[in-house]
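*Asks:* I am attaching a structure below and will ask some questions about it afterwards.
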Amino acid sequence: MDIIVCAKNVPDVAEADLNISDKGTDIDKEDLVFGINDWDNYAIEEAVLLKEKYGGTVTAITVGNEDDEEVLRRCLAMGADRAIRIEADDISRFDSFVISKILSRVVKDLQFDLIFTGVLAEDDYYGMVGMMMAEELNINHANMITALEIEDGKARTTSELEGGLGEVSLIELPALLTIQTGINEPRYVSILGIRKAAKKELKTIELPDLGISDEELSPRTIIEEAFLPPETEGAEILAGDPDKISSDLIEILKKKGVME
Amino acid sequence: MSELFVIVEHRLGEIRDITFEMLWKAGELAETLSSNLTAILIGHEVNSIAEKISDRADKIIIFDDEGLKNFNADIYKEIISRLIEESKPTLTLIGNTSWGMELAPCLSIRAGLPLATDCIDIISKNGNLIAQRQMYSGKIFANVSFAESDGYILTIRSGIFPTDRIGDRQAQIVQKDFPLKDITVKKNFIEFVETAAGDVDITQAELLISVGRGIGEEDNITIVKELAEALNGILSCSRPIVDKNWLPKYLQVGTSGKSVTPKVYIAVGISGAFQHLAGISGAGTVIAINKDPKAPIFRTADYGIVGDLFKIVPVLKDKILEVKKGG
Ligand SMILES: Cc1cc2nc3c(=O)[nH]c(=O)nc-3n(C[C@H](O)[C@H](O)[C@H](O)COP(=O)(O)OP(=O)(O)OC[C@H]3O[C@@H](n4cnc5c(N)ncnc54)[C@H](O)[C@@H]3O)c2cc1C
């Protein structure tokens, strides 16, 4: 079973105070900590689990600059056999359409039974690279996978639907699956593990060498303006020390009839 | 006259709310753009679904066939791309749902039309189309424009637009056939599976105390559980807690979990992603405890506590027990 996993390096914004960049079309990323997109972390884990079960290879791919290699090193440490980075200094000039063109072009020359991407990326939230690749490559596909088994050379997938419903399908390989969080428990990666994996193959491909036309490298969507959310009335903030806050909160709970 | 397409989403014989929401927005746009509004309904025995939207579209194109009983993105893609080729609609709206997220990108490549997903608004200004979306977990908004094209595909986030009817329409029904045998289907639907029910039903709870990723470690959940017990409330959670297997799926609140309607909902260490918020739109009072003052949850909560949950929750629990004992 040969599996390709597409992964992206994204900034962690959970507790960050975000500012709009000078250009006005993105955020300032200078002070942010980057890491593997959460969904991709589950995707690489799923690929490695399958490899451990059925043998074969796992190849991790990203489009990005040298810093983004960290994502690939992590994938290698988790069990990928080799990694490919398509060199692009500033991927924010590309949209999902262009990224899917680039990835499809690279993947076309590789041997694979399965391609995994995350359902979506935490930064842009588009969630379209995977399915665009499937169409580009003209292969079978299924979305938002929360369970996967291989049966007689076919994939038995469970896709997550709204409201906790799962849709089970049987798909012929090769196929592209977008992986949903919770499908497995991604393994822990130690610094030592990353250091050990440094011996594994990490190849860099220059974008011009792929021979993709300018037309295909021009984005279909353009961010005109990024901005902080419009002000809303928002929550009434309870201030003070934990003692004072607790007393105020208890009054509210009593008033709302959930505490005597 | 230009045309707008809305792809009807339905499941197990029921029309999905996202369909009404898209028809609402498309109805509004049809006015400003002087366009015809066409709903596309693909399925089997779908007349009752067509009836539900017959006063919300100018035309309903129905593809009814036994072979269309289950959703299949490839079949939808073939049918819709043919229609797009014939009618060249300015806009095609699809729900940003699990199914829509599979269909739209494939259709975009197939039809050669630009796509923006998960849109929360569509603005048509001087002939230019702007899609409004959110990025970075809802902390940033973005206005997106498109490369010049005959038409555009947008997927629409659930729960943003009203489910009401807008304008006065009387749909002309057009039945069409599609040569299904020309499509080789390589993905076969097997069955639907439900989430296993648990010993508590959070949809029935009056008071929910919900824990999110801010809790950090599995063992720390105890402090939130103790708060719930002190209040005689029920413990629930956000998705990452279930993904990590720290709590069972039936306690998850949100689009892929449960929609809840407690009198009071206390969110502890939850950022307020829209998939989570969608599950608490029916809650009475929302109280959020989060150390990030910019967390989106504070935009919808009624009361907020900005601070470290580990400092606040234990004190709150003790105080509640004290009050209860005293009273
Ligand atoms: C298709 C799909 C379906 C989904 N369905 C659901 C769903 O049904 N339900 C759901 O919840 N999510 C769902 N999600 C995931 C959703 O997008 C978010 O990733 C998720 O809701 C985030 O959970 P969280 O708020 O607990 O974690 P985070 O977003 O990581 O937020 C943690 C918060 O804790 C705060 N925090 C950290 N430490 C502390 C501290 N010491 N004290 C106080 N606060 C602290 C942080 O400031 C942060 O705001 C879905 C996603 C997709 C793509």
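*Asks:* Once both axes come from the Cα atoms, what is the angle between helix B:73-87 and the longest principal axis of chain B, in degrees from 0 to 90, rounded to 10?
*Replies:* The angle comes out at about 50 degrees.
*Asks:* With both bridge residues required to lie in chain A, what share of the DSSP beta bridges run antiparallel, to the nearest 5%?
*Replies:* Percentage antiparallel, nearest 5: 35.
*Asks:* Tell me the relative contact order for segment A:1-158 as a rounded percent, counting alpha carbon contacts under 8 Å between residues six or more apart.
*Replies:* 26 percent
*Asks:* Expressed in nm to one decimal, what extension gain is obtained for the pair A:Glu206 and A:Glu70 from 0.36 nm per residue of sequence separation less their Cα-Cα distance?
*Replies:* Additional length available on full extension: 47.2 nm.
*Asks:* Could you please report the charge total around B:Asp64, scoring K, R as +1 and D, E as -1 over all other residues with beta-carbon less than 15 angstrom from its beta-carbon?
*Replies:* -3
*Asks:* When the Karplus curve 6.51 cos²θ - 1.76 cosθ + 1.60 is applied with θ = phi - 60°, which whole-Hz ³J(HN,Hα) does each residue of segment B:277-289 get, with x for Gly and Pro?
*Replies:* 4, 4, x, 10, 5, x, 7, x, 10, 10, 10, 10, 10
*Asks:* Residues of segment A:118-132 with backbone nitrogen within less than 16 Å of a virtual label 7 Å along the Cα-to-Cβ line of A:Lys23, please, listed as ranges.
*Replies:* Under 16 Å, as judged by backbone N against the label point of A:Lys23, lie A:124 of segment A:118-132.
*Asks:* Then there's this: Return the FRET efficiency for the residue pair B:Asn128, A:Arg93: r is the Cβ-Cβ distance, R0 is 22 Å, and the value is rounded to the nearest 0.05.
*Replies:* 0.60
*Asks:* Between A:Arg195 and B:Asp121, with labels modelled 7 Å along Cα→Cβ, what's the label distance in nm to one decimal, could you check?
*Replies:* The modelled label-to-label distance comes out at 5.3 nm.
*Asks:* Go through segment A:104-112 residue by residue and turn each phi into a ³J(HN,Hα) via Karplus (6.51, -1.76, 1.60, θ = phi - 60°); whole Hz please, and just put x for glycine and proline.
*Replies:* 4, 4, 5, 5, 3, 8, 9, 8, 7
*Asks:* As a check on your grasp of the helix formula, calculate [θ] at 222 nm for the protein assembly as shown: sum -39500 (n - 2.57) over DSSP H runs of n ≥ 4, divide by the residue count, round to the nearest 500.
*Replies:* My calculation for the protein assembly as shown gives -8000 deg cm²/dmol from helical runs alone.
*Asks:* From the phi angles alone, apply the Karplus equation (6.51, -1.76, 1.60; θ = phi - 60°) to segment B:55-65 and give each ³J(HN,Hα) in whole Hz, x where the residue is Gly or Pro.
*Replies:* Computed from phi, the couplings for segment B:55-65 are 9, 10, 9, 7, 8, 10, 9, 10, 10, 10, 7 Hz.
*Asks:* Using the 10 angstrom Cβ neighbour count as an exposure proxy, how do A:Ile205, B:Ile61 rank, fewest first?
*Replies:* Ordered from fewest to most neighbouring Cβ atoms within 10 Å, A:Ile205, B:Ile61 come out as A:Ile205, B:Ile61.
*Asks:* Let me ask another. Can you order the peptides A:226-232, B:16-22, B:84-90 by their average number of other Cβ atoms within 10 Å per residue, highest first?
*Replies:* Answer by packing, highest mean first, reads B:16-22, B:84-90, A:226-232.
*Asks:* Here's something else I'd like to know. Using alpha carbon centroids, what distance separates segment B:190-230 and segment B:247-303, in Å?
*Replies:* Segment B:190-230 and segment B:247-303 have Cα centres separated by 12 Å.
*Asks:* Tell me which residues come under 5 Å, amide H to amide H, from A:Gly182 once H is placed; ignore anything under 5 positions away on its chain.
*Replies:* none
*Asks:* Percentage of Cα-Cα pair distances in segment B:79-228 greater than 25 Å, rounded to whole percent?
*Replies:* 55 percent
*Asks:* Say R0 is 35 Å: what FRET efficiency, to the nearest 0.05, do B:Ser54 and B:Glu85 get from their beta-carbon distance?
*Replies:* It comes out at approximately 0.85.
*Asks:* Now for a different question. Kindly list the residues of segment B:53-72 that lie in the label zone of B:Lys176, defined by a backbone N under 15 Å from the point 7 Å along the Cα-to-C-beta vector.
*Replies:* B:58-65
*Asks:* How would segment B:202-324 be classified by its alpha-carbon gyration tensor: rounded, prolate or oblate, with rounded meaning a/c under 1.5 and the a/b versus b/c comparison settling the rest?
*Replies:* It comes out rounded by the Cα gyration axes.
*Asks:* Work the Kirkwood hydrodynamic radius out for segment A:180-256: mean of 1/r over every pair of different alpha-carbon atoms, inverted, in Å.
*Replies:* 20.8 Å
*Asks:* Using a Förster distance of 25 Å, how high is the FRET efficiency between B:Glu322 and B:Asp219, based on the Cβ-Cβ distance and rounded to 0.05?
*Replies:* After rounding, the FRET efficiency stands at 0.50.
*Asks:* Sort B:234-247, B:304-317 for me by packing, meaning the mean count of neighbouring Cβ atoms within 10 Å per residue, highest on top.
*Replies:* B:234-247, B:304-317
*Asks:* Can you compute the modelled spin-label distance between A:Lys254 and B:Gln204, with each label point 7 Å from Cα toward Cβ, in nm?
*Replies:* For the pair A:Lys254/B:Gln204, the computed spacing is 3.0 nm.
*Asks:* Could you please tell me the mean projected area of the C-alpha convex hull for segment B:255-327, averaged over all directions and given in square nanometres to one decimal?
*Replies:* For segment B:255-327, the mean projected area of the Cα convex hull comes to 5.3 nm².
*Asks:* Under 5 Å between amide hydrogens, which residues at least 5 positions from B:Ser158 or on another chain qualify, with H placed 1.01 Å from N in the peptide plane?
*Replies:* Amide H neighbours of B:Ser158, under 5 Å, 5+ apart: B:Asn96.
*Asks:* Follow-up. What is the distance in Å between the Cα centroid of segment B:34-102 and that of segment A:129-150?
*Replies:* 22 Å
*Asks:* Right, another one. Using only atoms on other chains, find how many Cβ atoms lie within 10 Å of each Cβ of peptide B:126-137 and report the average.
*Replies:* So the per-residue partner count for this stretch is 4.
*Asks:* Return the average number of partner chain Cβ atoms within 10 angstrom of each residue Cβ along peptide B:298-305.
*Replies:* 6
*Asks:* By counting other Cβ atoms within 10 Å of each Cβ, how are B:Ile202, B:Ile190 ranked from fewest to most?
*Replies:* B:Ile190, B:Ile202
*Asks:* If you don't mind, there's one more thing I want to ask. Given the alpha-carbon gyration tensor of the protein assembly as shown, what are the semi-axes of its equivalent ellipsoid in whole angstrom, ordered largest first, with each equal to the square root of 5 times an eigenvalue?
*Replies:* For the protein assembly as shown, the semi-axes come out at 38, 31, 24 Å.
*Asks:* Roughly how crowded by other chains is peptide A:151-162, in terms of the mean Cβ count from those chains within 10 Å of each of its Cβ atoms?
*Replies:* 4
*Asks:* I would also like to ask the following. Please list, by residue number, everything in segment B:30-66 whose backbone N is under 19 Å from a paramagnetic label point 7 Å out along Cα→Cβ of B:Asn188.
*Replies:* B:66
*Asks:* Take the Cα coordinates of chain A, assign each an equal point scatterer, and use the Debye formula without solvent to give log10 I(q)/I(0) at q = 0.08, 0.12, 0.16 Å⁻¹.
*Replies:* Calculated log10 I(q)/I(0) at the listed q: -0.40, -0.78, -1.19.
Values quoted throughout were computed directly from the atomic coordinates according to the rules given, and no laboratory measurement underlies them. The model shown is predicted, which means the values in this text are computed figures rather than measured ones. Cβ sites come from the backbone with ideal geometry, for glycine too, and all protein chains shown count toward neighbours.
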